[in-house]
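Read the structure below first, then the notes.
The values are calculated or read from the model by the stated rules, or taken from the named source; none is laboratory data. Here the structure is a predicted model, which means the values were calculated and not measured. A quick note on method: Cβ atoms are made from the backbone with ideal geometry, for glycine too, and the neighbour counts reach across all protein chains shown.
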Amino acid sequence: MKNIDFREATIQDKIFIEKLFIEGVKYNHYKASILDGSTIKYLIKGERNLLDNSIPQAAICCLNNKDIGFLIMSSRSGGIVEFHYFSLLKEYRNKGYGDTIVKKIQAMYKQNAKNAPIFMARCSDSSSAMKKVFVNNNFKKKEGSESGWSTYIKCDDKTLENDLLNI
C-alpha cells in the first residue's frame, strides 16, 4: 500500500478541513449545512451523538507526513462503521490514494474488531470519484436511498450484507 498514515484531527486542523468542505459544497459533494460554523468543530472533537449513539472520529490522511486530506467516520453499536466525510486535496485525487485509504481503514477496523464490522457510506450522487472508490472496494449500492444520495454497504457476512441491502 502507498505510504499512507493517519493522525487524529485536532481543532488546529479546522481550517484545512473547512477548505476541503467548502470545495465539496461548491461541487454538491456535501450539503451546505456542514459549513454552519459549529459542525466541523463538533466532528473534530469527537463527541458522542446521542441520537444514534455514534462517536465521530476525525483523521487527517497523510502521505510521507504531509497532510493530503481528511476522513470523518463513526463507530456505532453492533459493529457498524460509517464513512461520513472524506476528501483529498486536488493534487492527490484520481491517483489511487482514496482506494488505498479506504482499504487501510477497513483493515484497521477488521484487525481490532471482535466480529466482522459492517461498513456503511453515504455519498452525493455528484461524487462520482467517491462512488468509484466504494465500488472498487467491493461496497454494494443500496437501492432506495435518499434522492440525490447513494448508500453503500460492505460486510464479510454476505447473508447479513444482503439483508441490509434489502431493508
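Can you confirm whether residue 78 is free of Cβ contacts under 8 Å to residues at least 24 places away in the same chain and assigned to a loop (DSSP other than H, G, I, E, B)? Steps first, please.
Details: free of Cβ contacts under 8 Å to residues at least 24 places away in the same chain: no; assigned to a loop (DSSP other than H, G, I, E, B): yes.
No, not satisfied.
Taking the criterion of being more than 21 Å from residue 2 (Cα to Cα), surrounded by 13 or more Cβ atoms within 10 Å (Cβ to Cβ), touching a Phe, Trp or Tyr at 6+ places or on another chain (Cβ under 6 Å) and not aliphatic (A, V, I, L, M), would at least one residue in segment 51-68 satisfy it? Within segment 51-68, not a single residue is more than 21 Å from residue 2 (Cα to Cα), surrounded by 13 or more Cβ atoms within 10 Å (Cβ to Cβ), touching a Phe, Trp or Tyr at 6+ places or on another chain (Cβ under 6 Å) and not aliphatic (A, V, I, L, M).
Here the strands (runs of 3 or more DSSP E) wholly within segment 91-167 that include at least 2 residues being closer than 21 Å to residue 61 by Cα, in contact with a Ser or Thr (Cβ under 7 Å, 6 or more places away or on another chain) and not aromatic (Phe, Trp, Tyr) are 118-124.
Looking only at residues that are under 12 Å from residue 17 (Cβ atoms) and not acidic (Asp, Glu) in segment 60-78, which one is modelled with the lowest pLDDT? Even if it seems obvious, please write down each step before you answer.
Restricting attention to segment 60-78, the residues satisfying the condition of being under 12 Å from residue 17 (Cβ atoms) are 60-61, 67, 69-72.
From the residues that got through so far, the ones that are not acidic (Asp, Glu) too are 60-61, 69-72.
Values: 60: 96, 61: 97, 69: 97, 70: 96, 71: 95, 72: 91.
Taking the candidates together, the pick is 72.
Among residues belonging to segment 91-114 that are polar (S, T, N, Q) and surrounded by fewer than 17 Cβ atoms within 10 Å (Cβ to Cβ), point out the one that is farthest from residue 6 (Cα to Cα). Result: 94.
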